Structures are given as structure tokens and as C-alpha cells.
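Working notes, structure below.
The values are calculated or read from the model by the stated rules, or taken from the named source; none is laboratory data. This one's a predicted model, so the numbers in the text were calculated from it and none came from an experiment. Counting neighbours? That spans all protein chains shown, and the Cβs are built from the backbone with ideal geometry, glycine included.
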Amino acid sequence: MKALIFVACAGLCTLSQVVFGADINLGVEISEIMYDTPNDYDAGGEWIEIYNDTGSPLDISNWQVWDGAIWRTISQESGYGDITNIPAGSYAVICENATTYDFVALYDGDPFPNFPASRYLGRLDGTISLLQSGEIIRLRDDSTPTPVTYQDFDYPDNATNAALVKAVIRSSEDASSNWEQATTVSGSPGVEGEDQSLPVTLSSFTALPGDGQIVLRWITESEIDNLGFNVYRSLKEDGEYRRINGDLIRGAGSSAMRSEYSFTDVRLTNGRTYCYKLEDVSFDGKHTLHGPIQAIPKGAAQSEEEASEEEWPKRSGWGKVKHSLQSGAKED
């Protein structure tokens, strides 16, 4: 079986603001693979999609691909999003070099849906040949004397003349049952597909300042295998974030219902800016960061009516309050 190896070199991403040791292997997901193209566009039409779940900007400009014969280097495709600064929560596509067909030409609206210039696209300096019977994909960091492997799995042959998608983005790549044929055969390169979802769909994460305290509230529209949440605080938006909750804030597990959570950070200094990030943790130990948001505690508590809609969404239709917790963490 031929091996396809992804190598992430120096400058992969910036993780300085995450202090809980979330290595890149906890957050770079291979989410979609086009290995058996519709209408036999394989020569030049194959691609792989990744999802940045690190919580930090991601740089893939130094990645390389080994296709069993030669290293293929990824470079920026002109006119598309900057692959040296892929935001957290965003997708990027790595396409092969044009031969008989070309990714950009195929995804210009005819024959496949348009791939907008706002999406992130890197191009290899050669072709790849993804086996239609499935094969090994490895993701590793080769910037150290001893390369570190982050992904090592066999993608299954679960699609015919269509893209292969991982239904739950953060689920294991190893399980064949996690991969399925895309409903739209051309796939959804660069965006979340209609067949895909993230374990936690967060619709709101807000901070309500009070007297010496800040109330953090967040709403999930659905949760899949969600173990719970952690809250992190910093005095600077780009500073070091430290966990301030004791035990993990228990999640809803798997639920299609809307859920509301609350956490109060106390013993704060009025007039000082506090920044927060929210982390959800899945049953299999994967992490996703949300935020940052910030607020400034004031001498007089701010009522919910005084808070703007931007700071505080309307309560109509909210679900049951799952938690109302208070921090005991000292100020940084």
C-alpha cells in the first residue's frame, strides 16, 4: 500500500497563547478527501481538506507531501486566502498541480460549484495519486531531529465518484464508520459540508460585567459527544490564558437541544480589562477554543436590560440552565 505523508515544517502555527499543552495533533483535522472524482477528473482534480481546530492561526506554507516517490511542496495559490494565517475554525484545501485538469478551473462554477477567493488554497508543486481503494495518510512535523507524527490512518474506500467526508469533524480518522460519501459529489472544499458537523455548535459566548465580577454565558445549539467546558482568562487579548475553573464544566454529551451555561469570575479589579476563551472537550479528548471575548467590571453591576444585544442575546427561547458556577481563581 502506498503511503501519503504530510509534513509540517517550522513555523506551523502560533500556540503561545494556549497554555494547556494543546499540541497541534489535537487540532489539525483532515476533514475531506477527493480521491475518486466525479467524471474521472482524477488527473489534476484530487485534493485534501484540513480544518484548523487548534484555537490559533495556522501556517501551512511550509508543509510538504510525500506521494511515495517525491516530496511535494505546498505554496500559496495566488488570489486566495493567505495560507500562512489560516484562522482558528477555518478550513484550507491542498490541491495537486494542474495536469489534464485543474482544481481552480473545475471549481469555477462549471462543472463544480465556485470556490470563492476568500477561501484558503495551497497548491502542490506536483501531482498526487490518491488510490481509489484507500491508502495511508500520515501527518507529521519534520522540523525537529525526530519527526513527530500527528496523523496516521487509512482512509476507507467509502465513496464512488464523489468526495469522502468525515461526518463529525473532530471524530477519529481511524474509524471507517466516521467517513461517508458526500451528498454533493463535488464535495464542499474549504467550508463545512451539509454532511458534516462540529461536536459543539456554539451560537453565543458573552461576558456581562458587574461589580468586581464578570458573568460568562454561552449557548450551544447542539452537542455531539461533548464531555464539557473549560474557561481561560488573560489580561491581554494576545497574552497567556490560564484556566480558572476547577472541575470540568459538564457538557450535555450528545444533544440536539439548545443548552445554556453560566460561569461567574469573581474577585476582579473594577476598571481592568479581562479577556476570556472557552474550550470544549470531547469524549475522545479533543479540544476546541472559542473567543476571545472581553469585559471590564464596574463599580455598579450592569443589569441584563442595560447590556446591549451584542453583549447579551435575548433570553426568549433559551434552554435549561445547565450550570451556574463561580470561580475561585485569583487575578493574574
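Identify all residues within segment 168-226 that are of a type in the set (S, T, N, Q), in a loop (DSSP other than H, G, I, E, B) and within 15 Å of the chain's Cα centre (by Cα); write none if there are none.
Passing the criteria: Ser171, Ser172, Gln196.
Looking only at residues that are aliphatic (A, V, I, L, M) and closer than 17 Å to Gly193 by Cβ in segment 67-93, which one is nearest to the chain's Cα centre (by Cα)?
Ala92
For segment 70-92, give me each residue that is modelled with pLDDT of 85 or more, part of a loop (DSSP other than H, G, I, E, B) and farther than 12 Å from Leu124 by Cα.
Ser78, Gly79, Tyr80, Asp82, Ile83, Thr84, Asn85, Pro87, Ser90 - these are the residues of segment 70-92 that are modelled with pLDDT of 85 or more, part of a loop (DSSP other than H, G, I, E, B) and farther than 12 Å from Leu124 by Cα.
Filter segment 213-226 for residues that are among the β-branched types (Val, Ile, Thr) and either surrounded by fewer than 18 Cβ atoms within 10 Å (Cβ to Cβ) or in contact with a Phe, Trp or Tyr (Cβ under 8 Å, 6 or more places away or on another chain) (or both) and give the result.
Result: Ile214, Val215, Ile219, Thr220.
Return only the number of the condition from (1) out of contact with any strand residue (DSSP E or B) (no Cβ under 9 Å at 6 or more places or on another chain); (2) over 28 Å from Asn39 (Cα atoms) that Leu198 does not satisfy.
(1)
Scanning for something farther than 18 Å from Ile169 by Cβ, aromatic (Phe, Trp, Tyr) and surrounded by fewer than 18 Cβ atoms within 10 Å (Cβ to Cβ), does segment 69-87 turn up at least one residue?
Yes, because at least one residue in segment 69-87 is farther than 18 Å from Ile169 by Cβ, aromatic (Phe, Trp, Tyr) and surrounded by fewer than 18 Cβ atoms within 10 Å (Cβ to Cβ).
For segment 239-276, give me the residue count where each residue is touching a residue at least 24 places away in the same chain (Cβ under 8 Å), more than 22 Å from Ser56 (Cβ to Cβ) and either among the charged types (D, E, K, R) or not assigned by TED's automatic domain parsing to the domain that holds Thr220 (or both).
Residues in segment 239-276 being touching a residue at least 24 places away in the same chain (Cβ under 8 Å), more than 22 Å from Ser56 (Cβ to Cβ) and either among the charged types (D, E, K, R) or not assigned by TED's automatic domain parsing to the domain that holds Thr220 (or both): 6 in total.
Only one of (1) assigned by TED's automatic domain parsing to the domain that holds Tyr261; (2) touching a Phe, Trp or Tyr at 6+ places or on another chain (Cβ under 8 Å); (3) farther than 18 Å from Ser171 by Cβ is not met by Gly190, so which one is it?
The single condition Gly190 does not satisfy is (1).
Every residue in segment 120-140 that is under 22 Å from Thr160 (Cβ atoms) and of a type outside the set (Val, Ile, Thr), please.
Hits for segment 120-140 are Ser129, Leu130, Leu131, Gln132, Ser133, Gly134, Glu135.
Which of the residues belonging to segment 203-212 are touching a strand residue (DSSP E or B) at 6+ places or on another chain (Cβ under 6 Å) and buried (at least 20 other Cβ atoms within 10 Å of the Cβ)?
Result: Ala207, Leu208, Pro209.
So which residues in segment 93-107 are of a type in the set (Asp, Glu) and either modelled with pLDDT under 95 or not assigned by TED's automatic domain parsing to the domain that holds Ala117 (or both)?
If the condition is that a residue be of a type in the set (Asp, Glu) and either modelled with pLDDT under 95 or not assigned by TED's automatic domain parsing to the domain that holds Ala117 (or both), then Glu96 is the only one that fits.
Taking Thr160 as the residue in question, decide whether it is among the β-branched types (Val, Ile, Thr) and either surrounded by 20 or more Cβ atoms within 10 Å (Cβ to Cβ) or under 20 Å from Val28 (Cβ atoms) (or both).
So Thr160 fails the test.
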